[in-house]
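Working notes, beginning with the structure itself.
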Amino acid sequence: MSNNNALLSGLAKRLLTDGLIQDSAIHEATNSALAQKIPLVTYLVQNEIINASLLAEVAADEFGTPIVDLQALDPEIFPKDLVTEALIRKHRALPLYKRGTRLFIAVSDPTNLHAIDEIKFNTGLNVETVVAAEDRLHETIESFLDQQDTSFDDMGDTDLDDLDIESGEVKEAEADNEGDDAPIVRFINKILLDAIKTGASDIHFEPYEKAYRIRFRTDGILKEAARPPVNLSGKLAARLKVMSRMDISERRVPQDGRIKLKLSKTRAIDFRVSTLPTLFGEKVVLRILDPDSAKLGIDALGYEEDQKKLFLDALDQPQGMILVTGPTGSGKTVSLYTGLNILNTPERNISTAEDPVEINLEGINQVNVYAKVGLNFGTALRAFLRQDPDIVMVGEIRDLETGEIAIKAAQTGHLVLSTLHTNSAPETLTRLRNMGVPSFNIATSVSLIIAQRLARRLCKHCKEPAEVPHEALIAEGYTEGEVESLSLYKAVGCDKCAAGYKGRVGIYEVVKITDKIGRIIMEDGNAIQIADAAREEGFNDLRASGLEKARQGVTSLEEVNRVTTGH
């Protein structure tokens, strides 16, 4: 045996001796695993060099350790709260059962003595190992931790269980709808947790004449999640209304409410709830508001470097107006909150008027507009200006009154952030003018406009190169020079994604109001003239930004077409 082989671990030598791997391959694998700081077993399985089950058998035989088939075990028997999630993930060690002072853990690499020592120290138990196949172990650990993270039994003082429901309305629901019985409670709890785990943004509870459907909106696409019996329609609606503190006795008019779900001591999820009376019962839609989405940071949103610089430069100005535009569900709120988080320092007074407040931000004065009592965007904005603000955020400019006050604030030493519902940056400027805002005020107060869409990200595990004819690429908008070196990808689909996509990325049109564009606005130029000027100034429109994301392999050409052209 060579000196090099003498440096190999016991398992590596055994694989070499049994002829399961070539000399050069095992040395390369050992060095690569070391460089990546992962166990050799994990490297061999991830790179499909040796079958996971065969590797487990060899390891068990080499070290005289029992082997376990995790599929044959009931996950319910695994001890919870004995070993922390951090240790389980760090050492890929799954606690199986406790017998007296002995804790049995499943590992794929029985030579990991550091794992045994650290778990022994943290639990105070004697640790014994059994060997499991690496791929099966990884799946079981993920499943085990998912159940622990979102288990209602382990949540402590979750708001779902601690809601104050001692009211006549609830007694009526119990008598009339039996909306609070245990199976319904468990079913809805499971639906909420499933939606959070799958990354859904909305949950739809929909009653029909002969069916009842529950759908999740994940990555912008609605998909069916469950079909409970239609006779549960009233009970499901009643339970959701109890949780949202709505009037259960009222079924004839739409209602709005909120649910707060504490997943742990440090993480809570809010649900914005809306009911709508339909022909066959109340449709209930829950919008999932995850505070973590407001803390993503600008780098996670998908801006190109030049676009990010324009946004940050505008945020750094002491006054002016930043407008974010796009259809419902295009990520405008996350963009605004990301900007506010950057600006949120102890030296600044920040106030927001929102309809409704979606995510609570510490250190920012947030106001829920309430039109019924006269508290609209204009009223709130007028009040803000009497409270020594530095930065103001208006949820949406819907009318001339709000537009004029926002413009005035931007011209008098305040930074104003807001949204409009338009399809592109140039159309935003003409929309303000159509509301009645004078062209001069628009040109001198608006500093930046961001139009955006959300496109689904291609799954990095299964995406494949796409063959697209040269002529088709030119027709889509790529130049002759780009086509020569272009590598596009298509969605395939695997067990780690949904139809080839996982997560979403922003596609942006970021336009700074330059002197040239300002002159066109003051001359009452139309959206086409403004768009031409923006292109000449070097600002990519939504289509060009989308094509760039496809060129980078982040998304597919089909997805770019879906979100930028609707086809």
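The values are calculated or read from the model by the stated rules, or taken from the named source; none is laboratory data. Bear in mind the structure is a predicted one, so any value in this text is a computation, not a measurement. Glycine also receives a Cβ, built like all others from the backbone with ideal geometry; neighbour counts cover every protein chain displayed. For the accessible areas, the whole protein counts, side chains as well, though only heavy atoms, and no ligand, DNA or RNA atoms are used. Shrake-Rupley method; radii C 1.70, N 1.55, O 1.52, S 1.80 Å.
Here are the numbers for this structure:
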| quantity | calculated |
| --- | --- |
| R0 of 45 Å, Cβ-Cβ distance Asn47-Lys190: FRET efficiency to nearest 0.05 | 0.75 |
| Value of Rg/Rh across region 473-567 [Cα atoms, Kirkwood radius] | 1.08 |
| Accessible area per residue, Å², the chain with all protein chains present, probe 1.4 Å | 49 Å² |
| Helix axis angle, 305-315 relative to the chain longest principal axis, alpha carbon, degrees | 50 degrees |
| Selection from Ile119, Leu286, Ser545, by position along the positive dipole direction of the chain (Cβ) | Leu286 |
| Subset of Lys460/Lys502; Lys197/Lys260; Lys197/Lys223; Lys408/Lys516 violating a 19 Å alpha-carbon distance limit | Lys408/Lys516 |
| Filtered trypsin sites (Lys or Arg not before Pro), region 427-517: DSSP coil and at most 16 other beta carbons within 10 Å | Lys460, Lys496 |
| DSSP bridge pairs, the chain: antiparallel proportion in percent, nearest 5 | 65 percent |
| Overall form of region 40-143 per C-alpha gyration tensor (a/c, 1.5; a/b vs b/c) | prolate |
| Relative contact order (%) - criterion: Cα under 8 Å, at least six apart; region: the chain | 9 percent |
| Peptide ranges 39-46, 525-532 listed from the most packed, as the mean C-beta count within 10 angstrom indicates | 39-46, 525-532 |
| Accessible area (Å², 1.4 Å probe, nearest 10) - His414 | 30 Å² |
| Gyration tensor (alpha-carbon) shape descriptor, region 330-432, a/c threshold 1.5 | rounded |
| Theoretical ellipticity at 222 nm over the chain - DSSP helices of four or more residues, -39500 (n - 2.57) apiece, nearest 500 | -11500 deg cm²/dmol |
| Where labels lie 7 Å past Cα in the beta-carbon direction, separation of Arg213 and Glu362 in nm | 4.2 nm |
| Exposure rule at most 11 other beta-carbon atoms within 10 Å, DSSP loop GluC sites (Glu not before Pro): the chain longest free segment | 210-346 |
| Electrostatic dipole magnitude of region 198-321 [Cβ: Lys, Arg +1; Asp, Glu -1; Cα centre; debye, to 20] | 1000 debye |
| Accessible-area order (highest first, 1.4 angstrom probe) of the listed residues Met522, Met321, Met435 | Met522, Met435, Met321 |
| Relative contact order of region 471-567, pairs being alpha-carbon contacts under 8 Å that are 6 or more residues apart, as % | 33 percent |
| Which of Asp247, Asp81 is most accessible, then next, and so on - probe 1.4 Å | Asp81, Asp247 |
| Cα gyration tensor shape for region 23-96, rounded if a/c is under 1.5, else prolate or oblate | oblate |
| Read-out Cα Rg over 2.2 N^0.38 Å, derived from the coordinates shown; its label in [x] 1.17; [y] 1.50; [z] 1.07 | [x] |
| Accessible-area value, Leu301, 1.4 Å probe, nucleic acids and ligands omitted, Å² | 10 Å² |
| Lysine pairs meeting the criterion (Cα under 21 Å, 8 or more apart or interchain), as found in region 276-349 | 5 |
| Contour excess over end-to-end distance, with Cα ends at Cys494 and Glu480 and 0.36 nm allotted per residue | 1.7 nm |
| Options Val373, Thr402, Gln387, ranked by Cα towards positive dipole end of region 365-414, top entry (Cβ charges) | Val373 |
| Around Asn526: net Lys/Arg minus Asp/Glu count, Cβ-Cβ under 11 Å | -3 |
